[in-house]
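This report concerns only the one structure given below.
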Amino acid sequence: MSPLARTWRWIKAHVVLGLGLLVLVYMFVPIAVVVLMSFNDPGKSKNVYKFRSFTLDNWTNPCHPAGMCHAVGLSLGIGLLATVVATIIGTMAAFGLVRHDFKGRSFANTVIFLPMASPEIVMGSSLLALFISGSKIITLGFWTIFIAHVMFCLSFVIVTVKARLAGLDDNLEQAAMDLYANERETFWRITFPLVLPGILGAALLAFSLSFDDFIITNLNAGQETTFPMFVYGAAQRGVPMQVNVIGTLMFLIAIVIVLGGELNNRLKARALAS
Amino acid sequence: MPRQGKGRYTAYWLLAPGAIWLGLFFVIPFYSLVSASLFDPNGSVLTGYDVTYHFANFGNAIKNYYPELLRSLWYAGLATLVCLVIGYVLAYAIAFKAGRWRNLLLVLVIAPFFTSFLLRTLSWKLILSDHGFVVDTLQKVHILGSDGRLLNTWFAVVAGIVYNFLPFMVLPLYASLEKIDGRLIEAAGDLYANPFKAFFKVTWPLSLPGVVAGTLLTFIPAAGDFINAQLLGGPGQRMVGNTIQSLFTSTQDYAAAGALSVILMALIVGLVMVYIRRAGTEELV
Amino acid sequence: MSQASEGSRSLHLSQLTKEFATFTAVKALDLDVPHGSFFALLGPSGCGKTTTLRMVAGLETPTSGSIRLGDTDITYAKPYQRPVNTVFQSYALFPHLDIYENVAFGLRRRKSGDVDRQVKEMLDLVELGTQARKKPPQLSGGQQQRVALARALINRPDVLLLDEPLGALDLKLRRAMQIELKRIQTEVGLTFVHVTHDQEEAMTMADTVAVMNAGVIEQMGAPAELYENPRTTFVANFLGQSNLIAGKVLGAEGDFVKVDMHGITVSIPQERAHVKTGDGWVGIRPEKVLIAAVGEDIDAPGNHLDGGVVTDVSFVGVSTQYLVRMPWGQELQVFEQNTGRRRLFNKGESVDLSWRPEYAFLLDASQDVNAGIEDD
């Protein structure tokens, strides 16, 4: 075979993988820019869309821009609270939907799908319409953001936990009952540990949805400012470089959590295989 | 296996909190939105609002904002198509070509989600900015005129939408491609000498559930999005989301905003129903 | 659990019935399983055997009837309240617990003392002592099967239920495990109720086999008894193979019943004739039929059929299987041991058939002649 033909064969065999990796690179270009800009020193320049010179100042003084760290704190607080509530309520609902046959189950499944299929602007504006009509007892702020976040996270939690539950072999619970575990022991020793990875995955998803949401939050936040709202507001004037520090940190933490889990699994498997 | 009998009441107890939450904060608000769309347009925050079944709100909304509505559907549709093409390549590569790197690549698809959506969009603003590397290069090779620009054009907005919603396309596509037995594709390669023919006769039809789910999950949020238009586009690229947002927050014309939201929702539901019927599948996820 | 009612811990099912929305899985079943026996419930899929087993385990609630263990009624007891353990078909090992904890699970739930010693003994019994800290997915199918058995056995239940426990293993491993199971059962002396669709498996292992079909027990007895003297066409076909030939009862003559079979008169012992007048199916096992060249003297003083033509010969090593077309058009099966003392017959050759009367049986003609024949 001539070298040319061999090269051609190699290209043919790897073209799809190559194109796929190219798409992945495209997905990471903006993140690379975020990381890069977290080391940018814009000086007195108004043009925050150009890399001027390298500095560590943004990393050493992340809270320098007024209000930014407060916004990050608010986002973290709402994110954690909404995640806990949505995960608990959603997990309960997933159990109800998968484990029990009742009237209106398919209707309930449809209603759960709807929030995922509605544009955020419509959900956000309709919630605002509700809050406005109840403006005598509701003031926009922390709790309205919290309510909205639990609402849109709920469907994602239910769908994720449901998938995990549906994949669970119900012989396992029967086997536990057969081995003298009563209903409560069966749940806590068998069902719950086996569904837990699904619940954790759902919680991670809920947190990232909540932390990142702008459209719905912006409509229902009143006087409060979450991190995405801070970024949006700053974008009108000129973004402080420190937001890139927060963006980079979030990305790194998430990667560490996800890759750490994966690595842990692999090490365990290797240790057991030997 | 679903249990019957006395478990029935347990099911209602388990579902109650979620059902109440979604009922109070999703279903009822939607009802409020519909009633807001029927407000007397002369109301204001100060004087209060009356539901006067003012159906003219809809007519007015369409008359005033039809360019934004059409532009939203056009941008979202175009972005969905581009997402489908490049998302399919990526999902296919991960499902069939990645070998033991499969899980890692999947993590990488989700990873961009973990930096703020707004920050990533602002990055594009920087990448596509007027004296940036991309524009300069394109000007040098005369794809763009010497005063040509990317920012504040339809191209930037659609590119931003494509970028932001790509994972919503890749994940369902991957889920359905992954289920296909690799031997089937090899068999197709034997049967049809032409690899393109093999692809369109075997792989593509088997991946259709993923295609349908992916296009819906991309198109629906894209049609309601306004961040990309706001940050990457100019006044000529306003989408319906921008209009609803400003009607609610700046103008506080709740009647018009409500009517426009209802129209957007109706358009999306209508298009989705036609699409699902034509794609011949009822399976959404 | 309770060792109180020693001696009378046999299992009794009476009028046990399970109806599902669209069909009745088990119909008024009566069954007694003596303590310490190896009992097999044999039948095709969907015959109700697994439902019966699940009712005994407490995983399914009977529609009516009762289940007793010794003198205790356990019909509605929860699964964890009855001294009954199950080896599931898919093993149902807990994937997040290691082998040791899987086996210890039942002891821990009952707060039994001395868990460690008992688990180690049990793992040694099933020869998995070295695998204690592995997780179930890391074991082979045969090892997983043994873990499932150990996990149930360690509780010393009054009744151990086995739901097609060997179904997922390959043939060689299955044979080995059959012997192993039988050894363990003899060793521990517990009552085993084994559900299977594999007739060979049931006959090799069980003291008593109950053949189940469409929710009822067709026949029950020792394996040899069922095989030699089936009472229904279903049992005749499902347990091994049978030639069933239409005939008309002519009348009794001494210890025998005379039957006209397409113009040939054959005799069948009274105790093997399950119909005494009218039409019937004359049954004979293929290995009981002797084959000979036309006019050759056959060493079988009994029922003699001539005019056969060999239509198919298949040589399977230990035996040769013939299909012989009889004058009335039916093809009969004949298995002949390859003792080396007789020559093979060729396709198209004319032959005579014969069998000793004591091997034949007579079944009710109203039954479906093809009942119990599996399509595979």
Checked segment C:233-256 for anything surrounded by 20 or more Cβ atoms within 10 Å (Cβ to Cβ) and not hydrophobic (A, V, I, L, M, F, W, C); matches are C:THR233, C:ASN237, C:SER242, C:ASN243, C:GLY247
Given the criteria within 12 Å of chain A (Cβ to nearest Cβ), touching a residue at least 40 places away in the same chain (Cβ under 8 Å), part of a helix (DSSP H, G or I) and over 13 Å from the mean Cα position of the chain (by Cα), does B:LEU208 qualify? no
Yes/no for C:THR320 being part of a strand (DSSP E or B) and either exposed (fewer than 14 other Cβ atoms within 10 Å of the Cβ) or not assigned by TED's automatic domain parsing to the domain that holds C:LEU344 (or both): no
For segment C:79-101, enumerate the residues that are facing chain A (nearest Cβ under 9 Å), part of a helix (DSSP H, G or I) and buried (at least 17 other Cβ atoms within 10 Å of the Cβ). C:PRO79, C:TYR80
Residue by residue through segment A:130-189, note down the ones that are surrounded by fewer than 22 Cβ atoms within 10 Å (Cβ to Cβ) and in a loop (DSSP other than H, G, I, E, B). A:GLY134, A:SER135, A:LYS136, A:ILE137, A:ILE138, A:THR139, A:LEU140, A:GLY141, A:GLY167, A:LEU168, A:ASP169, A:ASN182
Of the numbered conditions (1) out of contact with any Leu (no Cβ under 7 Å at 6 or more places or on another chain); (2) crowded, with 18+ Cβ neighbours inside 10 Å, C:SER45 satisfies every one except a single condition; which is it? (2)
Of all residues being hydrophobic (A, V, I, L, M, F, W, C), more than 9 Å from chain A (Cβ to nearest Cβ) and without any contact (Cβ under 8 Å) to a residue 24 or more places away in the chain in segment B:113-141, which is surrounded by the most Cβ atoms within 10 Å (Cβ to Cβ)? Just the residue, please. B:VAL135
Quick one: which helices (runs of 4 or more DSSP H) lie wholly within segment B:1-107 and hold at least 1 residues that are over 30 Å from A:LEU259 (Cβ atoms), within 11 Å of chain A (Cβ to nearest Cβ) and modelled with pLDDT under 90? B:7-22, B:28-36
Go through the residues of segment A:220-234 one by one and say whether even a single one is at pLDDT 90 or above, outside the structural domain of A:ASN40 (by TED's automatic domain parsing) and under 20 Å from B:PHE26 (Cβ atoms). yes
Could you check, for segment A:183-191, whether at least one of its residues is within 10 Å of another protein chain (Cβ to nearest Cβ), hydrophobic (A, V, I, L, M, F, W, C) and within 21 Å of A:MET27 (Cβ to Cβ)? no
Are there strands (runs of 3 or more DSSP E) fully within segment C:169-253 with at least 1 residues that are of a type in the set (Lys, Arg) and in contact with a Gly (Cβ under 8 Å, 6 or more places away or on another chain)? List them. C:243-253
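Taking C:PRO269, is it surrounded by fewer than 20 Cβ atoms within 10 Å (Cβ to Cβ), without any contact (Cβ under 8 Å) to a residue 60 or more places away in the chain and out of contact with any His (no Cβ under 6 Å at 6 or more places or on another chain)?
No: the conditions fail for C:PRO269.
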Just to check your reading of the model, which residue among B:ILE185, B:ILE268 is under 19 Å from B:TYR88 (Cα atoms) and hydrophobic (A, V, I, L, M, F, W, C)? B:ILE185
Mind checking whether some residue in segment C:297-306 is over 19 Å from C:PRO327 (Cα atoms), assigned by TED's automatic domain parsing to the domain that holds C:PHE335 and either assigned to a helix (DSSP H, G or I) or within 26 Å of the chain's Cα centre (by Cα) (or both)? no
Output the number of residues of segment B:249-263 satisfying the condition of being within 11 Å of chain A (Cβ to nearest Cβ), over 14 Å from B:ASN57 (Cβ atoms) and either part of a helix (DSSP H, G or I) or acidic (Asp, Glu) (or both). 1
Matching option when the condition is surrounded by 16 or more Cβ atoms within 10 Å (Cβ to Cβ), of a type outside the set (A, V, I, L, M, F, W, C), more than 13 Å from chain A (Cβ to nearest Cβ) and in contact with a Leu (Cβ under 9 Å, 6 or more places away or on another chain), among B:GLY233, B:GLY241: B:GLY233
Residues C:GLY308, C:GLY329, C:GLY295: which one is at pLDDT below 95, surrounded by 15 or more Cβ atoms within 10 Å (Cβ to Cβ) and of a type outside the set (D, E, K, R)? C:GLY308
When every residue in segment A:206-242 that is outside any loop (DSSP other than H, G, I, E, B) and farther than 18 Å from A:ILE78 by Cβ is compared, the one nearest to the other protein chains (Cβ to nearest Cβ) is A:ALA235
How many residues, within segment C:157-178, are touching a strand residue (DSSP E or B) at 6+ places or on another chain (Cβ under 9 Å) and either of a type in the set (A, V, I, L, M, F, W, C) or surrounded by fewer than 18 Cβ atoms within 10 Å (Cβ to Cβ) (or both)? 6
Filter segment B:145-156 for residues that are without any contact (Cβ under 8 Å) to a residue 24 or more places away in the chain and surrounded by 17 or more Cβ atoms within 10 Å (Cβ to Cβ); which is farthest from B:PRO167 (Cα to Cα)? B:ARG149
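The values are calculated or read from the model by the stated rules, or taken from the named source; none is laboratory data. If you're wondering where the values come from, they're calculated on a predicted model, not measured in any experiment. When we count neighbours, we look across all protein chains shown, and the Cβ atoms used for this are built from the backbone with ideal geometry, even at glycine.
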